[in-house]
Structure formats: C-alpha cells, structure tokens
C-alpha cells in the first residue's frame with residue numbers, strides 16, 4: 001500500500017486509521033493457535049458508507065481486506081494480511097431498532113450478544129444464541145455460530161432474518177427483512193451467513209428475539225463415565241424433551257472448571273448441565289422425564305442452582321471453559337476441535353475422541369452442546385513445544401475423519417478459516433467449485449479475506 005493510498009484513507013478517516021505496530025498487533029489474530037500476522041494498517045469505520053468507501057478504494061487498487069470484530073474466532077478467520085488492511089468494526093456497535101411487539105431488532109455488526117441482552121433486559125425479550133465468548137453479532141453471522149441453547153432456539157442461521165452487507169466493489173445491499181417468511185428471490189441472507197468475510201462485510205444484522213421464559217431452572221447431574229453422560233443427553237433429545245440447554249463436560253474439564261470458576265459442591269466427574277425454559281408446570285414435567293433418563297444411566301441426583309446468582313455462576317463456568325484451559329500454562333494456548341454429528345452418533349463420536357486422546361498422549365478436556373451433536377476437545381499446549389502442536393493437529397484430523405465417517409461435519413460453529421481448509425475439500429469436494437464460482441463473481445479481485453475457507457486458485 002503506497003503513500004498516496006494511505007493519504008486517501010487518512011483523509012476519509014482522520015484519526016481512525018493507524019499504521020502503528022502496536023495497533024496492528026492488537027488486530028492481527030483471534031483466539032486461535034496462529035502467530036499474529038500484521039496487516040499494513042487498521043481502519044475503524046463508523047458507518048456503512050465509510051465501509052463502502054474503503055472497499056471501493058481497496059478494490060480499485062487490489063488491496064486485500066480482513067474484516068475484524070471482537071477477535072474471538074478460533075480457526076484463523078481474522079488473521080491479518082501482510083499486503084492488506086484490517087477493517088475493524090468495533091465502532092459500529094449501536095443497537096439501531098428494537099420491535100418488541102414483533103420480537104425482532106436490528107443492530108450494527110459489532111454489538112455483542114451480552115450488550116444486546118443487557119439493552120433488552122427490561123423489555124421481556126432476549127437474544128438466545130449463546131456462544132461461550134462475548135462475540136460480536138456480525139462475526140457470529142459470518143461464522144454461522146451457535147452455542148449452548150441451539151437445541152431449543154436454533155443457531156445464528158435460524159434467527160437472522162436479514163443483513164446489510166457491503167460488497168467488495170463498495171455496493172451496499174440489504175437482504176431479507178422483518179417478516180418471518182419470504183419467497184422474494186434468492187436467499188442472499190443465507191449466502192453471507194458463514195462466509196467469514198470472503199464475500200463482503202456484514203455491517204448490520206436483523207435478528208429474531210425470543211420472549212423471556214416464565215420459569216428458568218438449571219441443574220447439574222454427575223455420571224460414573226463419559227459414555228453414560230452422553231447417552232443420557234442423546235436419549236433426552238431422541239425422546240423429544242423440549243430442553244433449553246444440555247451441556248457436557250468430561251471429568252478433566254470439570255476439575256479445571258471447579259478450580260478456575262470456584263465452583264462448590266460439584267464433583268470432578270463427567271457431568272451434564274441442564275437448563276429448562278417454560279412455565280413452572282411444563283418445566284416440572286420435563287424435569288421428571290430427564291431425571292428418570294439420567295437415573296437409568298447411573299446419573300446422580302440433580303444439584304439445582306437455587307437462584308439467579310447461582311445459575312449465572314454455573315453457566316459462567318461453562319462459558320469460561322476456553323479461558324480455564326488456557327490458564328493451565330503460562331503463555332499457554334488452546335487448540336479447540338469443533339466436529340458435529342447426527343444425534344444418534346454423538347455417543348460413539350465422543351467415546352472415540354476420548355479413546356484417541358489417550359492413544360495420542362494428549363490432555364483432552366472436553367465440552368459439548370449435546371443437544372445438537374456438537375462438541376469440542378479443548379486441548380492445552382505450550383507454543384514453544386512444536387512437537388505437541390503436530391500431535392494436536394494429527395488428533396484433530398483423526399477426529400474430523402471419524403465425524404465425516406459418521407455423516408457429520410468438520411465444523412459445527414467455529415467456521416473453516418485456515419485450520420479446516422484441507423478438510424473442507426474432503427467434506428464438500430463437489431461443492432467447492434460452486435463456492436469458488438460465487439467468490440469470483442462477487443469478488444473478482446479476491447480482496448475479501450483471501451485464503452480463508454479455501455484457496456481461490
């Protein structure tokens with residue numbers, strides 16, 4: 001990027017453009033295992049029109065662009081580009097409209113899920129998609145994220161009714177709308193969900209909201225083996241119990257979480273976290289069914305979170321899993337797997353993961369969204385030990401291929417980024433040419449997050 005182009009960008013953004021090493025380093029990677037790659041500059045737009053101006057300029061001069069939100073991605077999705085520019089959307093964090101009567105809202109891309117729910121707290125509605133990190137909603141759309149409550153409320157794909165996207169040439173388009181359904185042309189909304197910034201920059205998200213349940217009840221249940229725990233979760237889903245959350249932590253992760261989150265009266269054994277949303281009467285009926293299924297699989301009596309504070313502490317421990325594992329080593333990193341399989345196959349896949357971890361000789365804390373067949377092996381490692389990283393990659397590859405064998409997917413919610421490119425070719429060899437065709441049509445100069453998801457050439 002030459003001095004003339006820098007001068008043009010500075011003229012548009014004044015003090016919201018930086019080439020300093022410290023700023024570039026702050027926006028050079030997510031929470032992934034890659035070493036930072038610094039873009040040549042970072043720019044901080046505040047409006048759709050400003051994003052449009054920078055993309056027009058970058059497209060004209062064929063300058064690569066990396067969109068950046070809160071930096072919580074785990075697959076190298078927001079790694080910088082040495083020849084390009086990072087567009088950080090952190091100043092685009094306004095809640096634009098809320099329509100309580102219709103259970104929908106529109107927000108700028110860098111509004112976080114916690115920020116939105118705090119804003120909605122007095123309105124009797126909430127945003128239910130709940131990844132572990134306090135991620136930006138635009139980034140959650142870009143990676144097709146989900147989280148702990150997908151079993152009841154779905155994923156980002158389920159709750160997004162429309163997007164504002166700035167295309168590589170600077171055009172601003174609006175997809176979808178406020179209605180619950182539409183047959184008006186191609187579903188462009190779903191095209192951009194999960195595109196990881198490779199087709200354009202999502203600047204606004206139109207979301208469906210949910211009413212706050214009358215009754216919320218949370219509990220944990222301990223099991224003598226991981227297989228018993230996962231089988232219970234599988235049966236709960238197969239019986240059609242309308243549960244809001246059903247999360248699994250293996251024994252190792254429970255021990256880590258107990259220490260990190262200061263949990264009391266909880267055992268370091270395979271454990272399921274349950275949460276029930278509904279009326280008091282419906283919750284009692286559903287709890288009875290789940291308690292019986294748990295008992296049949298050698299589960300303990302339920303330990304209840306007695307009030308809001310206890311419930312928040314319990315789920316905060318679940319959300320802090322990544323950081324609890326990261327804290328095991330000074331300057332440690334975490335390699336997280338992300339396979340997802342059909343519900344009928346989840347027990348087989350989790351047991352396989354536990355067995356393979358022993359064979360590979362790696363420590364394998366584990367957490368899973370059992371309600372939708374998605375789980376993560378959260379692998380701690382020292383980045384100075386290069387051999388262990390190779391082991392973790394090999395373990396992940398083995399687990400991915402097992403998931404594909406079970407008709408699952410290489411990624412349930414973290415996206416492809418850089419980590420999963422080779423495996424995407426295995427999962428969708430017939431679809432990759434179509435993806436590339438779409439990419440070339442919308443982004444002929446290949447400026448948008450190049451090299452992520454797949455290599456264009």
Quick shape check on the range 95-211: root eigenvalues a ≥ b ≥ c of the Cα gyration tensor, a/c under 1.5 is rounded, otherwise prolate if a/b tops b/c, else oblate, and it reads prolate
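How large is the helix-only mean residue ellipticity at 222 nm for the chain, computed as the sum of -39500 (n - 2.57) over DSSP H runs with n ≥ 4, divided by its residue count, in deg cm²/dmol to the nearest 500?
On the way: 17 runs with 170 residues, N = 457.
Roughly -11000 deg cm²/dmol at 222 nm, from the helical runs in the chain.
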Given 192-205, 1-14, the highest-first ranking by average Cβ count within 10 Å works out to 192-205, 1-14
Using alpha carbon centers only, the range 223-288 is separated from the range 132-209 by a whole-angstrom value of 30 Å
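Can you list, largest first and rounded to whole Å, the semi-axes you get for the range 336-422 by taking the square root of 5 times each eigenvalue of its Cα gyration tensor? Don't jump to the answer; show the numbers that get you there.
Working: eigenvalues 86, 40, 25 Å².
Sorted largest first and rounded, they come to 21, 14, 11 Å.
Shape verdict for the range 30-128, please, from the Cα gyration tensor: rounded (a/c under 1.5), prolate (a/b greater than b/c) or oblate.
Taking the square roots of the gyration eigenvalues as a ≥ b ≥ c, the range 30-128 is oblate.
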Projected onto their principal axes, the Cα atoms of the range 3-88 stretch, largest extent first, over whole-Å spans of 35, 24, 24
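How big is the Cα convex hull of the range 399-448 in projection, averaged over all directions, in nm²?
4.0 nm²
Give me Rg over Rh for the range 188-296, both radii from the alpha carbons and Rh done the Kirkwood way, two decimal places. Numbers along the way, then the final one.
On the way: Rg = 18.1 Å, Rh = 16.5 Å.
Ratio of gyration radius to Kirkwood radius: 1.10.
Rounded to a whole number of µm²/s, how large is the Stokes-Einstein D of the range 132-267 at 4 °C and 1.567 mPa s, given Rh as the Kirkwood radius over C-alpha pairs? Intermediate results must be reported in sequence, preceding the final value.
Details: Rh = 17.9 Å.
D = 72 µm²/s.
Report the equivalent ellipsoid semi-axes for the chain in whole Å, largest first, defined as the square roots of five times the eigenvalues of the gyration tensor built from alpha carbon atoms.
Values: eigenvalues 275, 133, 82 Å².
The equivalent ellipsoid of the chain has semi-axes of 37, 26, 20 Å.
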At 4 °C and 1.567 mPa s, the Stokes-Einstein diffusion coefficient in µm²/s for the range 213-415, with hydrodynamic radius from the Kirkwood sum on alpha carbon pairs, is 75 µm²/s
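We did not get these values from a lab; they are worked out from the coordinates using the rules stated. Please read these numbers as outputs of a predicted model, since none were measured by experiment. Glycine gets a Cβ as well: all are built from the backbone with ideal geometry, and neighbour counts include every protein chain shown.
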